[in-house]
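The values are calculated or read from the model by the stated rules, or taken from the named source; none is laboratory data. Note that the coordinates shown come from a computational prediction; the quantities given were computed from them, not determined experimentally. Here the Cβ positions follow ideal geometry from the backbone for every residue, glycine too, while neighbour counts run over all protein chains shown.
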Amino acid sequence: MSEPVNRARRALNETPADRLVGGIGDVLAQAYGITDVELYQVDYRLAELLPLTDGDSITNPGHPAWRAFDHQSPILTDGTAWFPVTMRGERRGVLCLSPVPDDREIVADLADIATALAHEVAAVSAGTDVYLAARRTQRLTLAAEMQWDLLPGRSRIRPSFSLAGQLEPAYAVRGDSFDWSDDGERVWLSTINGTGEGVAASLLTSLATHALRNARRAGLSLADQAALADQAIYDLYRGEQHLSALLMELDLRSGMMTVVDAGSPRLVLLRDGDVTEQPLEAQFPLGMFEATDYHEQKFALQRGDRLFVVSDGVVEATGQHMRYGETALDRFLRRTGPMAPLDAVRSLIGDLRAFVAGDLVDDAVVVCLDWTGPQA
């Protein structure tokens, strides 16, 4: 690691949380003569790259900034360079630097600094609103603010799996959500198809998510996780409120998937270009009845398999008096095979927005999980 990269890392650790970009800017000016430094963050809709300070947002998909974001590689044009700002697969945006010489070693150093910036932004975001506030093109509803703060991230990449998810309408989502965790041997994924309106829907989803996390962190089985969340919701709402959820646990060594379908969203398998709906044992939604006994089912994934979880807000999206429907969904999912999970999710959401000619009215959640096979 070069000395300028080390100095940039030290600057990120020592600079006040709200001045991270300025902190590395001083190092870049001294080491490389770079005078212009700007962080562009992707907005909640995955539709715009927004500058942290002054300037215009970037929406043109052919822009070098979007090419760096999409391909996750540096793009250098006419002395201006764009670097992905990404942490463990979580794409936060791009770093714009100029002037940058066309030198392979310098570009590699700057790419390392952009990655370090991504890690530091993630670390400080809980203690400052600077980066979160700059990511939005409009005000989030209170319910949406609660939902986005509940998420573990929007994408994740490890040697044996990749996954991504998105909530819509991004600035006004109410009850739909997802959650994930992994320990190197297993990955847990829950997708919630919420019910209700506004803050009440977000509160219900938040209760379910925290109950599932509490049970998961206690080492309980998937069925017992569902039972604990079911009881927590029933104890508070006495059956008057409930929600649908799909709980999944993937063994990363064998590809064995364990599932609990609590009135869940749709689970679709993409294998060798074919799209099939995975048959699940339908069980009661969480919180519908007291002391529901949940059962697990298992099925094996093959190396390279892709799973989509989509809520009813996707299939039932309506445009010009027509539903998006299962046929259009399956046709579009088949086209996502070559895409990374986040790109697949973003493309599907974009297709839905085009179909309804704007933002979705009802909540929708899309999650994509790839199993790439066991790794050393």
Specify which of the listed residues (85, 21) is touching a Lys or Arg at 6+ places or on another chain (Cβ under 8 Å), modelled with pLDDT of 95 or more and of a type in the set (Val, Ile, Thr). 85
Residue count, segment 199-212 (criterion: closer than 18 Å to residue 288 by Cβ and either out of contact with any Asp or Glu (no Cβ under 8 Å at 6 or more places or on another chain) or surrounded by fewer than 24 Cβ atoms within 10 Å (Cβ to Cβ) (or both)): 8
Across segment 127-170, what is the number of residues that are among the aromatic types (Phe, Trp, Tyr) and farther than 21 Å from residue 212 by Cβ? 1
Give me the residue from segment 180-198 that is among the hydrophobic types (A, V, I, L, M, F, W, C) and within 15 Å of residue 368 (Cβ to Cβ) and, out of that set, surrounded by the most Cβ atoms within 10 Å (Cβ to Cβ). 189
Give me the pairs: first residue in segment 161-183 and free of Cβ contacts under 8 Å to residues at least 60 places away in the same chain, second residue buried (at least 22 other Cβ atoms within 10 Å of the Cβ) and among the hydroxyl-bearing types (Ser, Thr, Tyr), beta-carbon distance under 8 Å, and six or more apart or on different chains, which are they? 179/190; 180/190
Is there a residue being at pLDDT below 95, not in a loop (DSSP other than H, G, I, E, B) and not aliphatic (A, V, I, L, M) anywhere in segment 354-373? yes
Residue check: is residue 61 surrounded by fewer than 14 Cβ atoms within 10 Å (Cβ to Cβ), farther than 28 Å from residue 129 by Cβ and under 25 Å from the mean Cα position of the chain (by Cα)? yes
Top-ranked residue of segment 156-198 - restricted to ones that are among the acidic types (Asp, Glu) and under 29 Å from residue 254 (Cα atoms), ranked as nearest to the chain's Cα centre (by Cα): 179
Of the candidates 90, 38, 120, the one satisfying the condition of being at pLDDT 95 or above and in contact with a Cys (Cβ under 7 Å, 6 or more places away or on another chain) is 38
Specify which of the listed residues (223, 164) is in the same structural domain as residue 305 (by TED's automatic domain parsing) and in contact with a His (Cβ under 9 Å, 6 or more places away or on another chain). 223
Go through the residues of segment 126-142 one by one and say whether even a single one is farther than 17 Å from residue 50 by Cβ and either assigned to a helix (DSSP H, G or I) or touching a strand residue (DSSP E or B) at 6+ places or on another chain (Cβ under 6 Å) (or both). yes
Return a yes/no flag: does segment 14-21 have any residue that is without any contact (Cβ under 8 Å) to a residue 24 or more places away in the chain, surrounded by fewer than 16 Cβ atoms within 10 Å (Cβ to Cβ), not in a helix (DSSP H, G or I) and not assigned by TED's automatic domain parsing to the domain that holds residue 365. yes
Complete set of residues in segment 246-288 that are under 24 Å from the mean Cα position of the chain (by Cα), within 17 Å of residue 191 (Cα to Cα) and among the acidic types (Asp, Glu): 249, 261, 277
Selection from segment 213-237 of residues of a type in the set (Phe, Trp, Tyr) and surrounded by fewer than 17 Cβ atoms within 10 Å (Cβ to Cβ) yields 237
Could you check residue 55 against (1) among the small types (Gly, Ala, Ser); (2) modelled with pLDDT of 95 or more; (3) surrounded by fewer than 21 Cβ atoms within 10 Å (Cβ to Cβ) and say which number it fails? (2)
So which of 37, 27 is surrounded by 14 or more Cβ atoms within 10 Å (Cβ to Cβ) and in a strand (DSSP E or B)? 37
Take segment 332-353 and flag every residue that is touching a residue at least 40 places away in the same chain (Cβ under 8 Å), hydrophobic (A, V, I, L, M, F, W, C) and in a loop (DSSP other than H, G, I, E, B). 340
Looking only at strands (runs of 3 or more DSSP E) that lie completely in segment 236-331, which have at least 1 residues being touching a Phe, Trp or Tyr at 6+ places or on another chain (Cβ under 7 Å) and either farther than 27 Å from residue 357 by Cα or assigned by TED's automatic domain parsing to the domain that holds residue 206 (or both)? 244-251, 256-262, 266-271
